[in-house]
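Before any comments, here is the structure.
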Amino acid sequence: MNVHHIPFKATGYFSKMICDYLDKNQELADFYGNFPDLEGFKNQIESKKTTFSAGSRQLLYDALKQQYKNTSVSEKTDQNIEGLLDENTFTVTTGHQLNIFTGPLYFLYKIVTAINLAAKLKKEFPKQNFVPVYWMATEDHDFEEIQYFKVNNTKVSWNRESSGAVGRLKNDGFDAVYKEFSSLLGPSHNADTLRELFKNAYLKNDYLTDAMRYLVNELFGEYGLVIIDGDDALLKKQLAPFVKEELLQNTSFKQVSETNKRLGADYNIQVNPREINLFYLKGAVRERIIVENNIFIVNNTDLTFSEDEILKEVREHPERFSPNVILRPLYQEIVLPNLAYIGGGGELAYWFQLKNGFKAVNITFPILVLRNSVLLATKKQIVKLNKLNISVPEIFKKQESLIADAVKELSEVKIDFSKQKEHLKQQFIDLKELAKRTDLTFLGAVNAQEKKQLNGLDHLEKRLLKAQKRKFSEVSQRISDLQNELFPNQSLQERSQNFAEFYLALGENLIPLLLKSTDPLKFEFTVIEFE
């Protein structure tokens, strides 16, 4: 199997912010801590070692033992949980929503990056231990984002009503989902393995949290992955002092708002803070906490609290306070001896907004690692690319440009008027000089004529290209069809397709192949060619 590596920047699929981060552009330097390289991790280890207490380790250990009490744990995961009591053990963490059957492929790539990063750090820093962690976003309430996955271009959905934290949803109605999913797989050993995995996860567990823990543990448990659920009363005790500060001081609102002013001068802002970045979480309710006239109101309910009442609620029931996208990263770093957060470009974009907020409450800001990205292509697809004389990096181009470049390459007529345009521009430079020396009022007319003639050349070039596309329509269609296979809806494969499609072909070799083919600190897009 051949593996190709393309710098993220060269794919054209990553934002200016992410490209600047990977290039260590000074414009971003104030918005993150240590850079994700070995020197950065060396510094991060020293920093976290002095700020994460033995008491916090014990509390984390107790919470995890309770969360795993009904889960079959691999020897390596068990060792990692036990190891968290040791001051020389650190975590590298990724997080994601509870997408049905993992949702899009990049869910897997996040965890693969975490596992590989932990292994790489152990090799470089043998005196320390490193645990890959998946943080389940059980408190999230965006059901519409997680209720489906795609297999063979078919959207398989869990159709039901939803309210509150998704992790607390009962697994009602998954019989119909299983039936539809099963019908799409066909007859094979790998198909049967997928059916069994789905059935055991969603039909034999009562709640979505338990189903997700089972599924991810089955896929990655042998590699020592530790799965953590933040919807936990024990862990929320650690968060309680920060909840109090958020309610009374609006710390994150002030800090993130100030950061946004500076960051927004050069980049798009991903999220905007609220005055209180907390939800009230009880039963099937997860609603924003807002304050009006010193009264704390739970939005869309009749619940209200005075300041004394809500502080009493924090002391007695910290589990009822759920952080939003601004505060969840802080919660994670409070309860874990964490060195790095692994996320996609959109996630890292909002993490850049948070550093000042961490500093204000004396919590170490983690290293931000861009997760691996992968394109899985069959050998047959790569052969087709080669026959079309298209390289692997070129397949990332926008389709119109890809076809245009291919047609220009094939055409016996040179469809590039760059030389003619330069010649025309030179002529107009001379004309402008002549106008300046004779009558300046002619300068506007000369500029207008230059623009008109350049536009005319553009128009001719496009017409010629269009004619050649018709001549090479069969080739154009083959290029279009192939790219559409590899980039569904003209987007990255990893953002829409589910791992099940590739498990059918690769079976239990899929995850080892991903682990073997990617490097967490190389910042490259990986294209894996398989049979």
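The values are calculated or read from the model by the stated rules, or taken from the named source; none is laboratory data. Bear in mind that the values here come from a model prediction, so they are computed numbers and not experimental data. For neighbour counting, all protein chains shown are included, and Cβ atoms are generated from backbone atoms with ideal geometry for every residue, glycine included. To get the accessible areas, we keep the full protein, side chains included, count just its heavy atoms, and leave off ligands, DNA and RNA. Shrake-Rupley method; radii C 1.70, N 1.55, O 1.52, S 1.80 Å.
Summary table
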{"quantity": "In nm, spacing of pseudo-spin labels at Q79 and E27 (7 Å Cα→C-beta vector)", "calculated": "4.6 nm"}
{"quantity": "Solvent exposure, largest accessible area first (probe 1.4 Å, DNA, RNA and ligands not counted), of F279, F41", "calculated": "F279, F41"}
{"quantity": "Helix 233-249 vs. the chain, principal-axis angle (Cα, 0 to 90°, nearest 10)", "calculated": "70 degrees"}
{"quantity": "Stretch gain in nm, segment L234-V3, where the contour uses 0.36 nm per residue and the Cα spacing is subtracted", "calculated": "78.7 nm"}
{"quantity": "K150 accessible area, 1.4 Å probe, all protein chains in place, Å² to nearest 10", "calculated": "70 Å²"}
{"quantity": "Value of relative contact order over the chain, rounded to a whole percent, pairs C-alpha under 8 Å and six or more apart", "calculated": "24 percent"}
{"quantity": "Helix-derived mean residue ellipticity, 222 nm - over the chain, DSSP H n ≥ 4, -39500 (n - 2.57), to 500", "calculated": "-15500 deg cm²/dmol"}
{"quantity": "For the range 165-178, 3J(HN,Hα) per residue [Karplus equation, 6.51 cos²θ - 1.76 cosθ + 1.60, θ = phi - 60°, Hz, x = Gly/Pro]", "calculated": "5, 5, x, 8, 5, 6, 7, 7, x, 7, 4, 5, 5, 4"}
{"quantity": "Inter-part distance where the range 78-136 and the range 440-457 are each reduced to a Cα centre, Å", "calculated": "62 Å"}
{"quantity": "Helix 106-124 vs. the chain, principal-axis angle (Cα, 0 to 90°, nearest 10)", "calculated": "80 degrees"}
{"quantity": "The range 64-162, relative contact order in percent, only Cα pairs under 8 angstrom and at least six apart counted", "calculated": "31 percent"}
{"quantity": "Cα-based Lys proximity count in the range 198-321, under 14 Å, for pairs eight or more positions apart or on separate chains", "calculated": "4"}
{"quantity": "Rounded, prolate or oblate (a/c below 1.5 giving rounded, otherwise prolate when a/b exceeds b/c) for the range 105-154 by Cα gyration tensor", "calculated": "oblate"}
{"quantity": "Karplus (6.51, -1.76, 1.60) ³J(HN,Hα), θ = phi - 60°, over the range 66-79, in Hz, Gly and Pro reported as x", "calculated": "5, 5, 9, 4, 10, 10, 6, 9, 5, 4, 5, 5, 4, 4"}
{"quantity": "The range 53-163: antiparallel DSSP beta bridges as a percent of all, rounded to 5", "calculated": "35 percent"}
{"quantity": "Degrees separating the helix 208-220 axis from the principal Cα axis of the chain, which is the longest one", "calculated": "70 degrees"}
{"quantity": "Extension gain (nm, one decimal) between K204 and A10, 0.36 nm per residue minus Cα-Cα", "calculated": "65.3 nm"}
{"quantity": "Karplus-derived 3J(HN,Hα), 6.51/-1.76/1.60, for each residue of the range 145-158, Hz, glycine and proline x", "calculated": "7, 10, 7, 9, 8, 10, 9, 6, 6, 10, 8, 9, 10, 9"}
{"quantity": "Computed over the range 143-279: relative contact order in percent, which uses C-alpha pairs under 8 Å that are six or more apart", "calculated": "15 percent"}
{"quantity": "E87-E316 FRET efficiency (beta carbon distance; Förster radius 25 Å; 0.05 resolution)", "calculated": "0.20"}
{"quantity": "Surface accessible to a 1.4 Å probe, F253 within the full protein complex, Å²", "calculated": "70 Å²"}
{"quantity": "Gain on full stretching of the segment that runs from I429 to E531 - 0.36 nm per residue minus C-alpha separation", "calculated": "30.9 nm"}
{"quantity": "Calculated FRET value between K49 and V325, using beta carbons and R₀ = 25 Å, to 0.05", "calculated": "0.30"}
{"quantity": "Ranked order, I297, I227 - accessible area, probe 1.4 Å, largest first", "calculated": "I297, I227"}
{"quantity": "Amide H partners (placed H, <5 Å) of G344, local residues excluded", "calculated": "R371"}
{"quantity": "Estimated inter-spin distance, N489 and S157, nm [label 7 Å along Cα→Cβ]", "calculated": "1.3 nm"}
